[in-house]
Every structure is written in structure tokens, then in C-alpha cells.
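The values are calculated or read from the model by the stated rules, or taken from the named source; none is laboratory data. No experiment lies behind these values; they were computed from the predicted model shown. Please note that ligands, DNA and RNA were not included when accessible areas were found on the heavy atoms of the full protein model with its side chains. Shrake-Rupley method; radii C 1.70, N 1.55, O 1.52, S 1.80 Å.
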Amino acid sequence: VIVDAAAGSVLDSWDQIQTAPAVGSGRSLFDGTVSVNTITDSAGFRLTDSTRGNASTLDMMNRGFGKGRPLTDADNAWGDGSTGNRQTVAVDAHYGGATTWDYYSEVFGRNGIANDGVGANSRVHFKRNYANAFWDDGCFCMTYGDGNSNILPLVSLDVAGHEMSHGVTSKTAGLIYSGESGGLNEATSDIFGSMVEFYADNPNDPGDYLIGEKLFANGNSFIRSMIKPSVDGGSADCWYPNVKNLDVHYSSGVANHFYYLLAEGTTGGNPSPTCTASDTRVATGTGTLVGIGRDKAQQIWYRALTVYMTSSSNFASARAATVQAADDLYGAGSPESIAVGAAWTAVNRP
């Protein structure tokens with residue numbers, strides 16, 4: 001409203017709404033009470049993060065189609081920590097997306113999943129009894145199911161990091177999702193999903209090398225282990241010629257095991273056996289390796305992925321790519337480069 005100061009008359013007036021960033025509080029299912037970036041609009045507050053490429057979290061209303069409905073709130077206090085409140089899992093998804101963005105930004109200098117500053121949307125409450133989560137290049141978005149009687153909603157931090165890392169792989173090496181390249185694709189998401197969890201340093205979900213350990217109602221299960229992948233009954237600890245014929249979620253065990261040995265060694269965290277010449281799915285060796293630490297291991301894998309791997313990379317070329325990445329970062333013949341070669345040898349990929 002514009003008022004004439006002398007006469008007191010109204011000269012002009014109009015309605016105009018501008019969005020502005022805000023910081024709300026969310027009570028999540030897995031991560032405790034966390035901050036969530038929102039914007040203000042005519043409906044109050046909306047789960048859109050203008051500081052991270054306008055990434056929004058949307059409610060699919062238990063449908064398997066459509067873009068989803070924006071989530072709004074009157075007081076910017078979201079969820080109550082239970083699945084009975086539809087906002088709760090949206091808090092986890094929004095927090096997971098923001099944490100994954102920050103991980104790639106702070107650790108690798110990457111500006112969003114596609115490195116273009118554009119945020120990736122997250123869609124929650126997808127279908128009914130849907131015990132899965134997935135990344136879709138088509139919508140450049142994450143989608144989370146609510147789980148079923150045995151599996152909780154799939155919005156845990158490592159799942160968010162895992163699935164969104166498929167987008168990073170798509171925009172870099174473009175690893176084909178079959179054979180050994182498919183195993184590398186899945187392993188890349190497991191590696192970075194775990195590293196996102198460590199990066200978050202959230203006491204409600206401490207970092208580890210288990211994927212999806214928060215999702216099971218009994219609290220004693222997980223989807224995959226990077227320490228000894230074969231414990232799930234299907235994944236391979238070791239490379240062997242027919243590993244390419246496994247489902248990519250199982251052949252990923254070779255690179256997952258390599259990464260754990262590189263970062264933590266055989267006894268740096270939990271005991272992790274090496275592979276003998278005759279081992280295939282299950283490692284039985286007693287070799288000893290000393291890890292170089294997560295900070296260096298993740299830098300090596302990221303550089304190998306974004307500079308040297310291609311769509312058809314297999315485990316042999318992944319070995320060459322990671323050795324070259326270690327040479328670039330720490331010097332040819334450096335202890336880090338030698339450790340990379342030793343870790344691949346320890347999973348039978350000479």
C-alpha cells in the first residue's frame with residue numbers, strides 16, 4: 001500500500017507474494033530431529049530447498065503415477081517421528097537429499113547430482129506396500145516406498161545416498177546396468193551411500209558398511225554388507241570369471257569388498273577375509289591389509305568414476321582406473337596406489 005504522507009490518502013495498492021527461504025524443524029523416522037530447509041508461499045511453508053537447487057519433497061499419495069503433491073505446513077514443524085504422520089518420512093527424504101547434496105559438494109566440489117546446480121526432487125508414499133526405492137533419470141528424482149509388514153519405509157540415509165548416487169553415475173561414467181559394469185554401478189551407489197552416512201555423523205544412524213540396516217522391523221538385518229558381502233547368501237566376495245552372470249546387486253560385492261579392504265583393511269573395522277585363488281562367492285583367506293582410510297578411498301573411487309571409467313568398464317578396467325586415480329592424487333607408486341592394487345588382488349582381481 002502506497003500512502004500520500006501529506007494527505008493520508010492511498011495512492012495505490014496491490015497484492016504480491018514472494019517466496020523466501022526458511023529453516024524448519026522435522027522429527028524424522030530414522031534420524032531424530034533435524035533441520036529442513038523450506039520456502040514460504042501462500043500455503044505457509046513448503047518442503048522446497050532453495051539453497052540446494054530448489055529440490056522439493058513431494059507426496060505421491062500412495063499412487064504409482066503422477067508427479068506428486070507439494071508438502072505444505074502452517075508452522076514449519078514437520079512430522080512427529082512416527083509413520084502415522086505422513087510428514088515424517090518426508091522429513092527423512094528431504095534430509096537425505098540435502099545431506100547427499102552437501103556430501104558431494106563439500107567432499108568433491110560437485111554442484112548437485114548432475115553438477116549443474118539443479119536439485120533432485122524426492123517423492124514419498126509411492127504406491128502401497130511398496131518395499132523399494134529407486135532413482136529415475138527420466139524425472140531426475142528419487143522415489144521411496146512405504147515398505148510392508150517386514151520392511152520400514154525406505155527413507156534411510158544410506159538408501160538416499162545410494163539411490164541418488166545412481167544419478168551421479170549416470171551423469172559421469174554411465175555404467176551399463178548389466179554384467180560387470182552393472183556390478184560396478186551398484187557398488188558405486190553402495191560405496192557413496194555408506195560414505196554419505198559417515199559424512200552425516202548423525203548419532204541416530206552412525207556410519208557403517210551395511211546397506212539398509214535401519215529398514216528392518218526386527219532390527220537385526222540389512223540389505224547388503226560391504227565387509228563380507230557373501231553373508232547375504234547371494235553376493236560375491238571375490239572376482240571369478242562367471243561373476244558377470246550374477247544379478248548386479250550380487251556382483252557388486254566384488255567392488256564393495258575391495259573398497260572396504262582399501263579403506264579399513266582386514267582388521268581396521270570388522271574382520272574381513274581376503275580371497276584365495278580357489279574362492280568364488282565366499283572368501284576364505286587370512287591375508288592382512290592395512291586400510292588407507294575413508295577420506296582417501298572415496299577420493300580415489302570418485303576420480304576413477306568421473307575421469308577414467310566408461311559405460312563398459314569391468315572389474316579389470318576398474319582396477320586400472322582406481323590405480324591411475326591414486327597415482328594422480330597421491331603420486332605414482334605411492335603407498336595409496338600400492339594399497340589400491342593390493343586390495344584388488346585381495347578380491348582376486350589381478
Item to complete: Provide the convex hull volume over Cα atoms per residue for segment 255-350, in Å³.
Response: 87 Å³
Discussion item. As an exercise, take the mean of 1/r over every pair of distinct alpha carbons in the chain, invert it, and state the Kirkwood radius in angstroms.
Written reply: 21.2 Å
Worksheet entry | Residues whose placed amide H lies under 5 Å from that of ARG224, excluding near-sequence neighbours | ILE211
Worksheet entry | Estimated translational D of segment 220-263 in µm²/s (Stokes, Kirkwood radius over Cα pairs; 25 °C; 0.890 mPa s) | 238 µm²/s
Response to the item:
The rounded separation in angstrom of the Cα centers of segment 19-40 and segment 209-275 is 34 Å
Worksheet item: How many Å² of accessible area per residue for segment 73-147, probe 1.4 Å?
Response: 37 Å²
Worksheet item: Under Stokes-Einstein, with the Kirkwood radius over Cα pairs standing in for Rh, what whole-number D in µm²/s applies to segment 1-147 at 20 °C and 1.002 mPa s?
Response: 130 µm²/s
Worksheet item: Leaving out ligands, DNA and RNA, what percent of the accessible area of the chain is carbon and sulfur, probe 1.4 Å?
Response: 49 percent
Response to the item:
Which of LYS171/LYS296; LYS127/LYS296; LYS127/LYS228; LYS67/LYS228 exceed 30 Å between C-alpha atoms? The answer is LYS127/LYS296; LYS127/LYS228; LYS67/LYS228
Response to the item:
The answer for ASP41, listing residues at least 5 apart or on another chain whose modeled amide H is closer than 5 Å to its amide H, is ARG46
Worksheet item: Which whole-Hz ³J(HN,Hα) couplings does segment 265-271 yield from phi under the Karplus relation 6.51 cos²θ - 1.76 cosθ + 1.60, θ = phi - 60°, glycine and proline marked x?
Response: x, 6, 9, x, x, 9, x
Worksheet item: Out of residues 5 or more away from ARG63 or on other chains, whose amide H comes under 5 Å of its own, with H placed 1.01 Å from N in the peptide plane?
Response: LYS127
Discussion item. What number comes out for accessible area per residue over segment 199-311 if the probe is 1.4 Å? Units Å², please.
Written reply: 43 Å²
